[in-house]
Each structure stands twice: as structure tokens, then as C-alpha cells.
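Have a look at the structure below, then the notes.
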Amino acid sequence: MEKYVINGGHPLKGEVEISGAKNAAVAIIPAALTVNGICRLENIPQISDVDMLLTILRHLGAKVRMINPSAVEIDCRQVSLRDSPYDLMRKIRASYYLIGAMLARFGKAKTTMPGGCNFGVRPIDQHIKGLTAIGADLDVRNGFVFADARGGRMSGGRVYLDKVSVGATMNIMIAAVLANGKTVIENAAREPHIVDLANFLNSMGADVRGAGTDCIKVNGVERLHGGTYTIIPDQIEAGTYMIAAAATQGEVLIKNVIPKHLECISAKLRETGTEVSESGDSVLVRGASKMNHISLKTLPYPGFPTDMQPQMSVLLCLADGTSVITEGIYDNRFKYVNELRRMGACIEVDGRVAIIEGGHRLTGAPVAACDLRAGAAMVIAGLCAQGRTEIEDIHYIERGYQDMVGKLRNLGADIRIVEYPDMEAAEESLEIG
Ligand code: EPU
């Protein structure tokens, strides 16, 4: 078992390079199933969610060849549904994209219900509604999703999403690319990774239009061909380093970003008094010695991302006065607050609203990462806290951040990975012995 140990109080200074976008990569890799040729993907992030999806494709019979640590060639021409690795599928949220991809490719799919971070109930009813509208029959039984395209091939159709859902929008897009007709998705999500998936599919010969707006049209084509595609930089990783720079009163140049994707984060940071300046494909963040309290609500893009909410809570613990955060996407995304309280944070949570009493110095403590972004928030808290913080359950962080420890150490942070005994395993072995 490993944990992070951080000695806080060092302002971050220097430059950091942002990796490829996790939430684009985890859709594009399953979508490679629809391609009749070799897909070369560049700028893939080196994170465990990507490793897991590549392993799933290998189990299905794909040839997966790493060209270098951030480029991979995927050839799915020999894939079959015989050896589906259900245990792996269950561990990862993005395995729901395999339903759309298998339906497009084989006209049928069997996967497990998806896993992923626990923010309360995370249904897939909009995926089912959309896939049904474009020609599939779906059934959820005993933890599995069974899907069959009526007549053996997706037909296309019209879908109105009752909720703006990133996953449902992308899943329907993937399932529709090889359909025997046209698909229209209304009330579609508009996140940068939706545009990236559409660009990937189009570069392989698909006909997807309107991605980035709330109405996406997909004209089905007979086949997709191989090609090379470069994944966009990760908006949330970039935002996390922006907040880490602000929280430690540091000065960090964040490179390989698309500043337009960061506007929702930059705007709120500027309200706190943090300096953010953009140039080309980088942003420079300079922390302020005194920060203002703010209010914010998480919303679908271009609103403030829910995946930046825990990190922003930490920053607002350091601002003067009372800030209010309203979670607009998930029912239960404030579980990490208990961990932050161990470090001296003064936060009250009422349903989807957190009231943050700022101006208290955080102090180091042993804490746990309760999910991916909560883990990133704990790291930021540790970086600006007085004394030593130890963070357990870092496997959550490694699902979505490439080499966070190395990148932070380059910026002057005192953070390291430490092995520690797994007490539960040790107790079990004593009992067995
Ligand atoms: N929802 C439904 N029914 C559905 C689908 C979604 O009610 O069929 C609800 C969800 O419960 C949630 C809201 O709609 O309340 C939005 O969910 P969405 O479908 O947009 O989320 P997702 O596709 O499951 C992706 C990211 C999450 C990110 C959200 C929102 C992936 C693999 N995950 O999840 O990323 O929080 O979009 O932007 O792309 C993360 O990276 O840490 C992460 C959790």
C-alpha cells in the first residue's frame, strides 16, 4: 500500500505540462472498437483508467501497442465479444461506452453496470433511453447490461435527453456512427471532451456535426477507417494545478492547455483576487496573499465543472469571509468535507450546498482520498497546510492524474510516496496463520 506524505507551506513555483484529457481518452479508447483499421492515439494520459480500458480491449482481442508512454496503436479488427472481462468492466465508470461501441460494431453488447466514483446514485437511464431511440433493445439484469440492435444494426433516430449527461451524449454518438440512418441528440452535453470525441470519430471517417452545441447530428456511415488522432489537454488537471498555485500563493505557468476550456475556472479564480493570464497554449497563475470569498454553482459546461468543486472548496477555506458552493450536478459530492475538517476547515454542508467559513489556517493531518477529485483536493490542502499531511487511498488519484507527485515536486512541493503496511491484510494473514 502507498500513501502521499506532504510537508506543507511551500509556494509552488515553475512550470507544469498538462497531460491528455482523461474524460476524452476514456471515451475515445472504447470508440476505437468502431474503427476498421489501426487507430493511433497521441497525448493519451498515463493514468490507471486508461490502462484499464486498454486491458479490456486486449481481452476482447484487440492488438494494443504502446509506441511511447503517451501514444498507442489500437487495432480492433480481430475483436470478438467472446472473452469480455466483466470483472474489469465493473471497476470503471467509462465501461458504459463499450455498450455504444459494441452496439455500433456488432449490433449487440453485454457489459456490466459501470463502476466509478460514488457521488450518490449515478443512473444510466438516459443512456438506455437514447440507445433505445436509435434502434437497440436494452435490458439490465443481475448487474449486467444486455443490448441488441433491432435488425442487427443501429438505425438512428431522435433523442431528447431529460438531463444534460456527458456519458449519455458520448455513448449515443458512438453507437450512432455506423447506423443505417441519421441520429439527432437534443439537450446534448457540450464539454470539451464531447467535441474531442466527435473530432476523433470524424477523423476516422464518421459524419458527426454540431458537437459543442446542444444539438448533435450523426449521419451513419458504412465504415470507419484507421488514422492518427491527438487527444486534447485535460481541462480538470489544468484547473487543479491552477488552484494549487493559487492556494499556495505560488506562481505557476501551466503549459499545454486550451485557455478557452479553462475560462469557467479562470473567471472564478479572478473573483478571489488570483491573477490569471493567458498566452497561446498556457496560463500563468499568481496567487494573492489575501483572497476574497465567492459563491459558485457547478453546472454543465460552460458552467463551473463539478470535477473542480472539491479543489475550489480548499481554496475558499483560505479566503476571507464566507463562501457558498452549490453542487448542481450530483446529490452527494461533499463527502470529502469530513476529511478537510480534520485539517481545520470550517465547512457546513446542507444537502447540495456547502458554506465555507474562510480565513482559518489548515493544519496537516492523516486523511484519505474518498474519490478522484476529493483526493486532488486533499493534496492541495496538504500543500498549503502547516505541517505534515498523509493521504491514504491514493489509487483514486492515480485513476485520473498522471504523475501528480513528480509534477508537484518539480514545482517545489515537498511531497513523496511512502509504502506502508496494509493493516487489514496483515490482520487477515495473522488470523489465517
Ligand atoms: N444522470 C442521470 N441519468 C443518466 C446519466 C446521468 O440521471 O443516464 C445524472 C447523473 O447522476 C448526474 C448528472 O446526470 O447527476 C450528470 O451525469 P453525467 O452523465 O454528465 O456524468 P458521467 O458521464 O457519469 C462524466 C465524467 C465525470 C464528470 C461528469 C460531469 C467520465 C468517465 N466521467 O460522468 O467525471 O463528473 O461527466 O461532468 O467522463 C471525474 O473525472 O472525476 C468524474 C467524475
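Only the coordinates and a few stated rules stand behind these numbers; no lab work does. What you see is a predicted model; the values in this text were computed from it and never measured. As a convention, Cβ positions derive from the backbone with ideal geometry for all residues, glycine included, and neighbour counts pool all protein chains shown.
Descriptive notes on the structure:
- Anisotropy class of segment 332-376 from Cα gyration tensor, a/c 1.5 cut: oblate
- Computed lengthening from SER279 to SER203, 0.36 nm per intervening residue step minus Cα-Cα distance: 24.6 nm
- Largest to smallest principal axis extent of the C-alpha atoms in segment 194-286, angstrom: 54, 27, 19
- Within the chain, helix-based [θ] at 222 nm, where runs of 4 or more DSSP H residues each add -39,500 (n - 2.57), nearest 500: -9500 deg cm²/dmol
- Rg followed by Dmax, in Å, when segment 360-413 is reduced to its Cα trace: 10.8, 31
- Taking a ≥ b ≥ c as the square roots of the eigenvalues of the Cα gyration tensor, segment 305-433 is prolate, since a/c reaches 1.5 or more and a/b is larger than b/c.
- Within the same chain, aspartates and glutamates fewer than 8 places from LYS260 are excluded, and of the rest, those with a Cα less than 20 Å from its Cα are GLU15, GLU17, GLU191, ASP196, ASP214, ASP234, GLU237, GLU271, GLU275, GLU278, ASP281, ASP307.
- Gaussian network model of the chain, springs between alpha carbon atoms under 10 Å - residue of LYS110, LYS260, LYS129 with greatest fluctuation: LYS260
- Multiplying each eigenvalue of the alpha-carbon gyration tensor of segment 260-375 by 5 and taking the square root yields semi-axes of 22, 17, 14 Å, largest first, rounded to whole angstroms.
- Ranking of THR183, THR326, THR274 by neighbouring Cβ atoms within 10 Å, starting from the fewest: THR326, THR274, THR183.
- In order through segment 393-408: 3J(HN,Hα) via Karplus (6.51 cos²θ - 1.76 cosθ + 1.60), integer Hz, x for Gly, Pro: 6, 6, 4, 5, 5, 6, 5, x, 10, 6, 6, 4, 5, x, 5, 6
- Seen against the Cα atoms of the chain and their longest principal axis, helix 263-272 is set at about 10 degrees.
- Share of alpha-carbon pairs per 10 Å distance bin for segment 238-314, given as whole %: 20, 58, 22, 0
- Nearest-ten-degree value, helix 166-176 long axis tilted from longest Cα axis of the chain: 20
- Each residue of segment 68-80 was assigned a 3J(HN,Hα) from its phi angle through the Karplus expression (A = 6.51, B = -1.76, C = 1.60, θ = phi - 60°), giving 8, x, 10, 9, 9, 10, 10, 10, 9, 5, 9, 5, 9 Hz with x at Gly and Pro.
- Here the Kirkwood formula, the inverse mean of 1/r across different C-alpha pairs, assigns segment 24-70 a hydrodynamic radius of 11.0 Å.
- Rounded if a/c under 1.5, otherwise prolate or oblate - segment 116-201, Cα gyration tensor axes: oblate
- Greater than 31 Å apart at Cα, pairs in LYS255/LYS290; LYS63/LYS91; LYS13/LYS63; LYS22/LYS290; LYS63/LYS108: LYS13/LYS63; LYS22/LYS290
- Percent RCO, i.e. relative contact order, over the chain, from Cα pairs under 8 Å lying at least 6 residues apart: 20
- In segment 1-116, the alpha-carbon atoms span a convex hull of 126 Å³ per residue.
- Each Lys and Arg Cβ is given +1 and each Asp and Glu Cβ -1; about its Cα centre, segment 143-234 then shows a dipole of about 320 debye.
- Among ARG82, ARG416, ARG223, residue whose mean-square fluctuation peaks in a GNM of the chain (springs only between Cα atoms under 10 Å): ARG82
- Annotation: lysines with alpha-carbon distance below 16 angstrom to LYS297 (same-chain offsets under eight excluded): LYS268.
- Each of THR326, LEU178, ILE391 was scored by the projection of its Cα onto the charge dipole of the chain, and the greatest displacement toward the positive side belongs to LEU178; charges sit on the C-beta of Lys, Arg, Asp and Glu.
- Stokes-Einstein translational diffusion, the chain - Kirkwood Rh over all Cα pairs, 1.306 mPa s, 10 °C, in µm²/s: 71
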